[in-house]
Every structure is written in structure tokens, then in C-alpha cells.
Amino acid sequence: MRSLTTFTGALLVTVSMTAMASADTIRFWTTEEQPERLAVQEEIASRFQEATGHTVEVIPVTESELGTRATAAFAAGDLPDVIYHTLQYVLPWAEAGILDVETNNDIVQELGADTFQQGAIDMADFDGLTAAVPVDGWTQMIVYRKDLFDEAGLEAPDSYADITAAIDALHNPPEMYGFVAATKVDENFMSQVLEHVFLANGVSPVGADGFAPLDEAATTEVLEFYKALADASPPGELFWQQSRELYFAGDAAMIIWSPFILDELAGLRDSAPPTINDDPTSTELASKTDVVTTFSGPSNPDGAAWADVRYFGVTADANTDVAADFVRFSMDEGYLETLSMAPEGKFPVRRGTPDAPTSFVEGWADLPVGVDRKAALSEVYPQETVDKITSGLETADRWGVKENQLSLASKMINSQVINRIVRQYIDGEIEAAAAVAQMNDELGAIE
């Protein structure tokens, strides 16, 4: 463990004699490098210094460079004390020895493991320990017109069956498309949507030993369901842009999108206004909208939510005690400030404290979102919707995380093999059995 101890004139003025005697400086790498977000993190570091006397150097690192820089720093014995990082690094860094797994697990236990969303904890499981501390996350959502569902007496679209039933009832093009499916093969958006649809039916191309052949029966259910979504969509090469535009115009009953649509949908961003009426600042569409984060297929009744979670990792080279104190502070006294950097995309993975079990969820709902205008999500969406937004983290999942095969799964996703073959199937160029066989052949060749 490495300790960087400094004694500055400023500290001598601002901290107690006890704190001054042991005031240390730690380094914190963060991928939240936008100026406004850096300012928030520096404010949290300043508050931590006032409380403890310890200084935190907030160092921005571009996300695409994080893996390379961390590997090089580890080799040189010069890792920062704490790293804010994405899910993809948790298990590889735990296995490589970059993360101090025991310290990170201790932090989660001291804060109260049951105060965290279970899905975020499960995705960081490393031999029974929580390898990094979950900070924030978001889940992909089915965004749907609750007013139309209510008028038609439809159930919320939280299963393949309920979604296809809603399409049968509401699809009336060109006035109303039942769904807007992602069909543009070379867009990551299609990969992300498809992974969610496969997960919902419990289908994954990876297992603990690497590639796991897709089950033909369950994958055929996925293919038939996705074809139903595509048949209820406009023709063409569709991705996030068309799905948002059609939904904002009031011409689509359901879409799959990230939560970053929530402020736009409420008329809080001029660059992407709702067009369902003549007022780009209108909250009308938001008032008619509800969301589903976890949905299921016939072979997976429990369903799944596609999630992205970010973590704090105390590293193997850290000044352990100070680094752990800083993480605890950021996840407790400073937690709402941490989430305030972008509340629409930073759901609280810690619901509250042992004494106030829902305090962070409630406080997060009151944080202002938006770009050109600000409003709290609790002001523009009913509490029921706000609760659904965060509940998806309970069942959060991604291919390869639990199996420690995230790297292989990422290669499969990035190959766009699944996108291409699914598109061939929905275009009627290939039968389901042949599509499954072709996916297995091509995915099995990826190392």
C-alpha cells in the first residue's frame, strides 16, 4: 500500500490538529471529465477535506483510455488510490489484482450490502466478495404510451406476450406504429436492444467456459418476437433517432430507449423537443408515458433488465484507509451530489441508509434534470414511474458478467454477427433454425 502524505499551509488553517497530523493526499481517477461534472466531484473532494483533512486530487481520464492507463500504472506500481470505472473492468481488474477486492467488499458491508440494488452487487461478485463499490447505473427501458394502453385495457408491456398483444391492439400505420424496432445492423443501438431482448428470454451466447451454443427453442422464441416488433415498425434502417422522433411525434406506441430520453420527453432540452403538439416545452407526452425496465420471455418468467453500472474501485496501490474513507463519504454524505452530475442517467444503486432505507431514491427523484430548462423527475413523472425507473437495477444483467466472460461477450456483440443474422431472419431471407445454426457457427469462432 502506498501513502502520499502532504502537509500544506491551507490544511494547517482548515483542519483540526488531529487531522493535520495525518493529512494525506490521494489520487482519484474519474471518467466523468465534463467540466460541470468535474466541478461537482471537486466540490465533494473539498467537503471531504473539510471533514477529514485529507486532500483528494480529482484527475479526469478519458473513458476510452482508462483500460490502457490502468494497466500501465499497475505495471509501474503507480495506480491511483480510487478509480471510477465501468462495469467491464470490475472482474478483469479483480482477477488481475488491480482492485483491492477485500477493501471494496468491506466498504459495501460497512455501508450495508442490503442498502444497495441487488443486481449491481451481483454483477460485481468475485468469489463471494463484492469486487468494487456500485455507484450509479441506468437500465434500458420500454417507453410506452400509458394513456393508449389504459384506453385499450392493455397490460403494461412487461412480457413478450403483453407486448405482442399491445401491438395487435394499437398498430395502425401510418397514424400509429405498434413499435419501433432497431434494424440498422451497423448501429450499436441494435446490438444493445437485441441483447436486452435475448436476456429477457434467458438466452446468452456465453457460459462459464466461454462460448455457449444458443438453445434453438429459446432463440427461436426470441427471433419470432423480434420479427413481430420489426413488422410493427416503419420500413427502413431504424435506430435510436427514428424511434425517438416517431415516439415524440405521437406516432409510436412503444420504443426501447435509455433513460437519457426522460428529460427530452418532458420538453427540457431544445435540441430534441417533443413534437406531439406545437409547444416544444410541453410535458403532455411525459404525462402520457410510463416505462418498463424488466420484461420477460416465455422461457424466462423472471425476466431481465439490461443495465450499465459504474463503480468505485479502491486499488491495490492505494492509501487504503483514506481511499476507503473517501469512497464511503462519496456514497453517504456526498451521494446525492455524486448523482446530481446527471440524475437522468445516474440512478441510485444505493437506495438509502440503514436508518433511512429510501432516502437516496427519494432525494434523487427531486434532483433537477434537463439542459435548457430544469425540473425534477418527480415533478414531471408520477411516483409509480419514478419507482419503476430505479427498480430495474434489482434484476440488472449483461451477457458475460456473471460468467466472467464479459470480454468475450463484448467481442461477440461488436462483431455484429447477431445483428446481421437477426436482420436476415426478419427480412425473410433465412429460417429460424438456420439462423440459430449460423449464429452458433459464427459466434463459436470468436475468441
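The values are calculated or read from the model by the stated rules, or taken from the named source; none is laboratory data. What you see is a predicted model; the values in this text were computed from it and never measured. When we count neighbours, we look across all protein chains shown, and the Cβ atoms used for this are built from the backbone with ideal geometry, even at glycine. Remember, those area values only see protein heavy atoms, side chains included, never the ligands or the DNA or RNA. Shrake-Rupley method; radii C 1.70, N 1.55, O 1.52, S 1.80 Å.
Using +1 on the beta carbon of Lys and Arg, -1 on that of Asp and Glu, and nothing else charged, what's the dipole of the range 304-377 about the Cα centre, debye to 20?
On the way: 7 positive and 12 negative charges, 57 e Å.
Magnitude of the dipole: close to 280 debye.
Bridgeable lysines around K184 (alpha carbons under 25 Å apart, same-chain partners fewer than 8 residues away excluded): K227, K411. Largest mean-square fluctuation among S233, S287, S64, in a Gaussian network model of the chain whose springs join Cα atoms under 10 Å apart, belongs to S64.
Using C-alpha pairs below 8 Å separated by at least 6 residues, the relative contact order for the range 166-265 is 42 percent.
Note on the chain: antiparallel DSSP beta bridges, both residues inside, total approximately 70 percent of the bridges counted.
If r is the Cβ-Cβ distance from S378 to D427 and R0 is 56 Å, what FRET efficiency results, to the nearest 0.05? Spell out each step's value before the answer.
Working: r = 43 Å, r/R0 = 0.77.
It comes to 0.80.
Annotation: lysines with alpha-carbon distance below 29 angstrom to K374 (same-chain offsets under eight excluded): K146, K288, K346, K388.
Phi angles of the range 28-40 translate, via the Karplus equation with coefficients 6.51, -1.76, 1.60 and θ = phi - 60°, into HN-Hα couplings of 10, 8, 9, 8, 8, 9, 5, x, 5, 6, 4, 4, 5 Hz per residue; Gly and Pro are given as x. Fully extending the segment from S271 to E43 would add 79.2 nm, taking 0.36 nm per residue of separation and subtracting the current Cα-Cα distance. With a Förster radius of 25 Å applied to the beta-carbon distance between K411 and E216, the computed FRET efficiency rounds to 0.65. The angle separating the long axis of helix 101-111 from the principal Cα axis of greatest extent in the chain is about 90 degrees.
With contributions of -39500 (n - 2.57) from each DSSP H run of at least four residues, the per-residue ellipticity at 222 nm computed over the chain stands at -12000 deg cm²/dmol. The range 92-128 and the range 238-283 have Cα centres separated by 37 Å.
Would you work out what percent of the accessible area of the chain, with all protein chains in place, is carbon or sulfur (probe 1.4 Å)? Mind showing how you got there, number by number?
Values: 8480 of 17400 Å².
The computed percentage sits at 49.
Taking A76, A435, A396 in turn, the Gaussian network model of the chain (Cα-Cα springs below 10 Å) assigns the largest fluctuation to A76.
Under the simplified labelling scheme, the D332-A51 pair shows an inter-label distance of 0.7 nm, with each label point 7 Å from Cα along Cα→Cβ. The angle between the Cα long axis of helix 216-231 and the longest principal axis of the Cα atoms of the chain comes to about 80 degrees, rounded to the nearest 10. Could you work out how far the C-alpha centroid of the range 363-384 sits from that of the range 292-320, in angstrom? Their Cα centres are 24 Å away from one another. Maximal additional length on extending the A169-D279 stretch stands at 36.7 nm, based on 0.36 nm per residue less the C-alpha distance. Between the helical axis of 188-200 and the longest alpha-carbon principal axis of the chain there is an angle of about 80 degrees.
Which FRET efficiency, nearest 0.05, do D366 and F260 yield, Cβ-Cβ r, R0 22 Å? The formula returns an efficiency of 0.70 here. Only Lys, Arg, Asp and Glu carry charge here, each on its Cβ (+1 for the first two, -1 for the last two); on that basis the chain has a dipole of about 620 debye about its Cα centre. The residues of the chain expose, per residue, 39 Å² of accessible area to a 1.4 Å probe.
With both labels modelled 7 Å from their Cα along Cα-to-Cβ, the E224 to D78 distance reads 6.0 nm.
For a protection proxy built on the mean count of beta-carbon atoms within 10 angstrom, sort 181-187, 91-97 highest first, please.
On the way: 181-187: 20.9, 91-97: 18.1.
Result, highest mean first: 181-187, 91-97.
The candidate values were (1) 23, 51, 25, 1; (2) 27, 57, 15, 1; (3) 24, 53, 21, 2; the one computed from these coordinates for P(r) over Cα pairs in 20 Å bins from 0, in percent carries the label (3).
Grab the Cα-Cα distance for D127 and E65, subtract it from 0.36 nm times how many residues apart they are, and report the gain in nm with one decimal.
Working: separation 62, 0.36 × 62 = 22.32 nm, distance 2.79 nm.
The span from D127 to E65 would gain 19.5 nm if fully extended.
Counted by Cβ distance under 13 Å from V371, the other residues give a net charge of -3, where Lys and Arg count +1 and Asp and Glu count -1.
Mean separation of Cα pairs under 8 Å and 6+ residues apart, divided by the residue count of the chain: what relative contact order is that in percent? Intermediate values should be presented prior to the final figure.
Details: 872 pairs, mean separation 103.5, N = 447.
Once normalised by length, the contact order is 23 percent.
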